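Asks: My questions will all concern the structure given below.
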Amino acid sequence: MLTRTRKRTQVTSVLGLVTAGAFLLSACSGSGGDSPSETGGPSKDFSYLSFSENTSIKDTLTALSTGECSDANAVAKLKVDNQPQASFDQALQLRAGQTDLTSLFASGNSPQVAKDIESSGVLVDVGAELKAAGLDDAIIPAAKSTVESLYDGKVYVLPTEFNVEGIWYNKKLFADNGIEVPGTWDDLVAAADKLYSAGVQPFSADGTDGWPITRLVGNYIYRSLGADALSDVADGKAKLTDTAYVEAASKVAALGAKGYFGEAVGSIDYTTAVNQFLSGKAGMFYMGSWVLGNFNDPTANQIGNENIGFMPFPAVTGGKGSADELAANVGVPLAMSKFRYDDGAKQWLQCIAKNFGTQSLKDQGVITGFKVDGDVGDVPPLTQTVQDKINETTKTVLWFEALFPPKASTTSQTNAASLVTGGISPEDFMSKIQADLDQE
Amino acid sequence: MTLAPAPVTSQPFVPAGTEPRLRVPRKRRIRSVGVGIISAILIVVVVFPLVWLVLGSLKTQSEFLNNPAFALPENWLNFDNYTRAITEGNLGTYAKNSILAVVPALFLTIALGVAAGFALEVMVWKGRGTVLLIFLAGIMVPGQMILLPLFTIYFKLGLTGSLWPLVITYTAIGLPLTVFMMATYFRAVPREVFEAATLDGASMLRSFFTVGVPLVRNAVFTVALVQFFFIWNDLLIALTFTNREDLRTIQVGLLSFQGQFGQVEYGPTMAAICLNVFGTLLIYLFLNQRMMTGLSAGSVKG
Amino acid sequence: MKQVLGDRRTITLLLAPALTIYTLVILVPVIWSFGYTFFEGNAITGFEFVGLHNLQMLFTDGSVREALSFTVRFAIVLTIVQVTLGYALALLYVFVLRRASNLVRTLAFFPIVLPTVAVGLLFRQLFESAPRVGPVNSLLNLLGIQSVDWFGSSTSAFWVLILMESWRSMGFYAILLYAGLVDVPEETLEAARLDGATGIRLVRHIVIPLSWPVLLSAIIFSINGTLKIFDSVLALTNGGPGSSTTPLTMYMFQTSFSYGKYGYGSSIAFLLTVVCLSVTLFIFRSARRDLTKA
């Protein structure tokens, strides 16, 4: 009994010491950082809250802080913080509730988040600020159009990324099978038929995330019913259960029924889908221009950049939309907090407007919604093609869920794979989403 | 620092229940073959993922995507993934944070939980049943619920920006189960043991330390083991309360190699998981060793 | 005697720290959150009083019905499977492997050490059907059966989830139950053996009743854990296909934080707590009846 007691005491005291040490250390690391300013008053930092998963924006900002924006950085030092995407909306909600938003922050997983924050009146009116500074033209027209259609005609976010979306195709597979670049949906289906009978999977698609499939539905709707088709749904002027809308879902489901997306599409994740296209196993791939990062990586790209072509989503015969209206998005745009909009932040905003586009394209190969002037070095040819395409585009359309509340988006994306594997009928798919829209 | 060398057992190895259980000798050999087979199957079933993990951590992205899941890596000496996991994945800092948050929380949970379990099960007073039920209710509430209020509280107290929110939350979250289990274990101890101690004139506080705690020592290590893995593997709380990069825990760090559009860099992710798993295995083996010592001392059966 | 065992000062000293922390960190926030049940909105937009609207919505929301049905089915099946497997393993340790059980015990516990993210990835690969054929489907092919898209239908996804969770937790429950089994007095067992009780009968009539308290707490623990399943589902199926494997916790999390409806999210949490509470009470009740029978 005695020995046991002594041993216990020993163990306890060791544990106690360890605990005390750990407490001290955690207390230290606590005081090491600066505590958030509770009043929300001016701070000496220009803090930026980023998606952990996005590295290009923070790298560009860091590069600017020692380069073009070093003056602004002297006033307010750039401080980058990260939050994983999975918990980002939650983090924004918690921080906004405590008026603890950073100077600059990624605006969340869905446009609705930024709209909510804006409606509580804590966002800087970026558009007005830029106008006052004489930087009206800093945001290119196509990007401005996208931002305005996303955010009820206002500009309170910075398009630090600008992506156009369309169908990337394997030129070699097209040539081998005698396929011309399709101009209409029917041509596209015919091209897919040819590829399939030649033993090539026509489309590669990420069914795990779902959105690459619903993008097809959305594009079809824009092409057949015109550019206002989905804002009509959001405004309640039309319903997704209307025959013309259901047709879009049926057309995409029909591709799936023929096996054109390959086996078990619901289990294919993004990385696998990209790999299927880049290893030449699939002939076509609907994706946004951010995927250029993967295309330009020679270890991932086995078919070669010169073998990849880009086409806008084709027109629908007799439809109201045109193939010139590229689907576009601004990635996750950045917003700025009013509480921390001091002189430093002001200088940063102007500097970002002037230089972000060039820096980002030069260092990261990422196309932004800012005007690019100045030397950008060697841009890979495929990236250049896309950049040219953007410059000649004035009118863009959004994606399927862009104007939907988050619940409807989730319903749409989680059921996308079932739509193309036949697990759910096109009618049910659309009415499920419509039910969520009606709930609002 | 938790890996401080295990205290060397001073007493010789005494098997539990020294008298062998009754068995029939002629069945002995058949039995040992059976035991071997069962053990082998079990080991294969639980260990194969380890093989998969190690294989995966040595593969490049294209090998991972294009070759079968259990294919051997093309280059056995490809440690790039490990280098990236440690440098880009900041594994060192994250591991330090995890230890700094988990160890104090674990110690507190166990210390407070054992004391509360004793007070609720051994001590006799009115209302103890109700208090035990209140603790029990804690394992029924979904953890997601306490996040928003807690965030507000920690913010008002100025605790955000440190590891304190994690330590405090982990301690509290672990309490219901610890209290509940400790009460269960104390229930198994015959009352007379404590009554005898009090007859000797010891105060209850004293008999808690000299009689109560040693009696449930195995249980303490079992509960500690269970709690350790719960809080070590926690993602939800760590994601919510770590608002700065340098406060991230190791589980949050495992998300480092995922991209904004759903890309995953499998190699470095698996390497990071490997390092994490082998680290925790060491801790587990240490705690397990302690459990064994406790059991062989046969303290519960006394 | 009674006086010493009921010493107020000692009780306070031992209980107060735990009770204080528990109250401040768990109870207060829980009650606080339940308060949001009567409000709509979130921390960004502010809260607005809506009375019982959220609670009424619980009854009409199809997603709640689907999630509740999944959660309950999942919790019942998984509790039965994992506690049975765990108990079987624990019996194996104590009565068959005996002192040799150390290594097996250590290894069988191992899966719970793995981060959920890793386990999810592993099982997705094991059950993969395209573009590569995973080990499970390869085995089926070998037997002349076509590959199955395991995650394409809700039934198969459900069972893969059960399998994954059982694999992960059986060693854990085995350890939990083992602690109860080693305390079964040897003399009792021997006496029973002399009376001719062996194998299943020995377990049924002697071992189970004697280890009942620990078994009961394992069941309660398991049912409460499985009703609140979250990260495993997130890692393996992400609630799919569609929303057919979405548990209440996930729906609650989405509603509160992604959909920005914190008040309604709290109501869903409230529902879940009520379910946990009633199931636990039900088990307590039936357990007591069982005990009196025995």
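The values are calculated or read from the model by the stated rules, or taken from the named source; none is laboratory data. Not measured: the values here are computed from a predicted model. Virtual Cβ from ideal backbone geometry, glycine too; neighbours counted across all protein chains shown.
Asks: So which residues in the stretch A:399-440 are over 23 Å from the mean Cα position of the chain (by Cα) and in a loop (DSSP other than H, G, I, E, B), if there are any at all?
Replies: Selection gives A:Gly422, A:Gly423, A:Ile424, A:Ser425, A:Glu440.
Asks: Here is a follow-up. Suppose we filter A:Asn294, A:Asn275, A:Asn301 for residues that are more than 19 Å from A:Val379 (Cβ to Cβ) and polar (S, T, N, Q); which single one remains?
Replies: Result: A:Asn275 is the single residue among A:Asn294, A:Asn275, A:Asn301 that is more than 19 Å from A:Val379 (Cβ to Cβ) and polar (S, T, N, Q).
Asks: Report, ordered by the first and then the second residue, all pairs with beta carbons closer than 8 Å, sequence separation of six or more or different chains, a first member in the stretch A:119-147 that is surrounded by fewer than 13 Cβ atoms within 10 Å (Cβ to Cβ), and a second member that is not in a loop (DSSP other than H, G, I, E, B).
Replies: Listed pairs, sorted by first residue: A:Gly121/A:Lys338; A:Asp136/A:Leu130.
Asks: May I pose another question? Tell me which of these B:Gly158 doesn't satisfy, since it passes every other one: (1) among the small types (Gly, Ala, Ser); (2) crowded, with 23+ Cβ neighbours inside 10 Å; (3) over 23 Å from the mean Cα position of the chain (by Cα).
Replies: (2)
Asks: Could you check the stretch B:262-271 and list, in sequence order, the residues that are in a helix (DSSP H, G or I) and either at pLDDT below 85 or within 14 Å of chain A (Cβ to nearest Cβ) (or both)?
Replies: Correct list: B:Tyr266, B:Gly267, B:Pro268, B:Thr269, B:Met270.
Asks: Name the residues in the stretch A:203-255 that are in a helix (DSSP H, G or I), surrounded by fewer than 23 Cβ atoms within 10 Å (Cβ to Cβ) and among the polar types (S, T, N, Q), would you?
Replies: The answer is A:Ser224, A:Ser231, A:Thr243, A:Ser250.
Asks: Which one of these is of a type outside the set (Phe, Trp, Tyr), within 24 Å of the chain's Cα centre (by Cα) and farther than 20 Å from A:Leu135 by Cα: A:Gly357, A:Gly331?
Replies: A:Gly331
Asks: Moving on to the next point. What helices (runs of 4 or more DSSP H), lying completely within the stretch C:160-255, carry at least 2 residues that are in contact with a helix residue (DSSP H, G or I) (Cβ under 7 Å, 6 or more places away or on another chain) and crowded, with 20+ Cβ neighbours inside 10 Å?
Replies: Correct list: C:212-227, C:231-236, C:248-253.
Asks: Among the residues of the stretch B:161-168, is there at least one that is part of a helix (DSSP H, G or I) and more than 8 Å from every other protein chain (Cβ to nearest Cβ)?
Replies: Scanning the stretch B:161-168 turns up at least one residue that is part of a helix (DSSP H, G or I) and more than 8 Å from every other protein chain (Cβ to nearest Cβ).
Asks: List the residue pairs whose Cβ atoms are under 6 Å apart, where the first residue sits in the stretch C:29-43 and is within 14 Å of chain A (Cβ to nearest Cβ), the second is surrounded by fewer than 18 Cβ atoms within 10 Å (Cβ to Cβ), and the two are 6 or more positions apart or on different chains.
Replies: C:Phe39/C:Phe47; C:Phe39/C:Phe49; C:Glu40/C:Glu48; C:Glu40/C:Val50; C:Gly41/C:Phe47; C:Gly41/C:Glu48
Asks: Looking at (1) surrounded by fewer than 21 Cβ atoms within 10 Å (Cβ to Cβ); (2) within 30 Å of A:Ala128 (Cα to Cα); (3) touching an Asp or Glu at 6+ places or on another chain (Cβ under 8 Å), which is the only condition A:Pro312 fails?
Replies: (2)
Asks: Then there's this: Just wondering, is there one or more residues in the stretch A:303-311 that are free of Cβ contacts under 8 Å to residues at least 24 places away in the same chain and more than 15 Å from A:Leu158 (Cα to Cα)?
Replies: Yes.
Asks: Another question about this same structure. Does at least one position in the stretch A:319-332 carry a residue that is farther than 23 Å from A:Glu148 by Cβ, in contact with a helix residue (DSSP H, G or I) (Cβ under 8 Å, 6 or more places away or on another chain) and of a type outside the set (A, V, I, L, M)?
Replies: yes
Asks: Another one. Just a yes or no: is a residue in the stretch C:2-19 part of a loop (DSSP other than H, G, I, E, B) and either over 30 Å from A:Gln439 (Cα atoms) or small (Gly, Ala, Ser) (or both)?
Replies: Yes, the stretch C:2-19 contains a residue that is part of a loop (DSSP other than H, G, I, E, B) and either over 30 Å from A:Gln439 (Cα atoms) or small (Gly, Ala, Ser) (or both).
Asks: Considering only the stretch A:188-219, state which residues are among the charged types (D, E, K, R) and within 29 Å of the chain's Cα centre (by Cα).
Replies: Keep residues of the stretch A:188-219 that are among the charged types (D, E, K, R), which gives A:193-194, A:206, A:209, A:215.
Matches in the stretch A:188-219: A:Asp206, A:Asp209, A:Arg215.
Asks: For the stretch A:421-430, name all the residues that are modelled with pLDDT under 95 and more than 9 Å from chain C (Cβ to nearest Cβ).
Replies: A:Gly422
Asks: Regarding the stretch B:114-128, can at least one residue be identified that is in contact with a Ser or Thr (Cβ under 6 Å, 6 or more places away or on another chain), within 7 Å of another protein chain (Cβ to nearest Cβ) and not in a loop (DSSP other than H, G, I, E, B)?
Replies: Within the stretch B:114-128, none of the residues are in contact with a Ser or Thr (Cβ under 6 Å, 6 or more places away or on another chain), within 7 Å of another protein chain (Cβ to nearest Cβ) and not in a loop (DSSP other than H, G, I, E, B).
Asks: Give the residue that is surrounded by the fewest Cβ atoms within 10 Å (Cβ to Cβ), with candidates limited to residues of the stretch B:192-223 that are within 16 Å of B:Ala119 (Cα to Cα), touching a residue at least 60 places away in the same chain (Cβ under 8 Å) and more than 8 Å from chain C (Cβ to nearest Cβ).
Replies: That would be B:Val193.
Asks: Turning to a different aspect of this structure: If a residue must be basic (Lys, Arg), farther than 30 Å from A:Glu401 by Cβ and out of contact with any Lys or Arg (no Cβ under 9 Å at 6 or more places or on another chain), how many such residues does the stretch A:317-366 contain?
Replies: Looking only at the stretch A:317-366, we keep the residues that are basic (Lys, Arg), and these are A:320, A:338, A:340, A:346, A:354, A:362.
Okay, now just the ones that are also farther than 30 Å from A:Glu401 by Cβ, so A:340, A:346, A:354, A:362.
Narrowing the set further to residues that are out of contact with any Lys or Arg (no Cβ under 9 Å at 6 or more places or on another chain) leaves A:340, A:346, A:362.
Total meeting the criteria: 3.
Asks: Criterion first (in a helix (DSSP H, G or I) and more than 11 Å from every other protein chain (Cβ to nearest Cβ)) does B:Thr83 satisfy it?
Replies: It is true that B:Thr83 is in a helix (DSSP H, G or I) and more than 11 Å from every other protein chain (Cβ to nearest Cβ).
Asks: Among the numbered criteria (1) modelled with pLDDT of 90 or more; (2) farther than 30 Å from A:Lys389 by Cβ; (3) of a type outside the set (Val, Ile, Thr), which single criterion is violated by A:Gly134?
Replies: (2)
Asks: Looking at B:Ala137, B:Ala69, B:Ala105, which one is in contact with a Leu (Cβ under 8 Å, 6 or more places away or on another chain), within 14 Å of chain A (Cβ to nearest Cβ) and surrounded by fewer than 20 Cβ atoms within 10 Å (Cβ to Cβ)?
Replies: Sole residue among the options that is in contact with a Leu (Cβ under 8 Å, 6 or more places away or on another chain), within 14 Å of chain A (Cβ to nearest Cβ) and surrounded by fewer than 20 Cβ atoms within 10 Å (Cβ to Cβ): B:Ala69.
Asks: Grab the helices (runs of 4 or more DSSP H) fully contained in the stretch A:49-124, keeping just those with 1 or more residues being at pLDDT below 90 and either over 16 Å from the mean Cα position of the chain (by Cα) or closer than 16 Å to C:Phe257 by Cα (or both).
Replies: A:88-97, A:111-119
Asks: Any residue that is crowded, with 17+ Cβ neighbours inside 10 Å and acidic (Asp, Glu) - is there at least one of those in the stretch A:386-401?
Replies: Yes, some residue in the stretch A:386-401 is crowded, with 17+ Cβ neighbours inside 10 Å and acidic (Asp, Glu).
Asks: Looking only at residues that are modelled with pLDDT of 90 or more and facing another protein chain (nearest Cβ under 9 Å) in the stretch C:256-267, which one is nearest to A:Ala86 (Cα to Cα)?
Replies: C:Gly265
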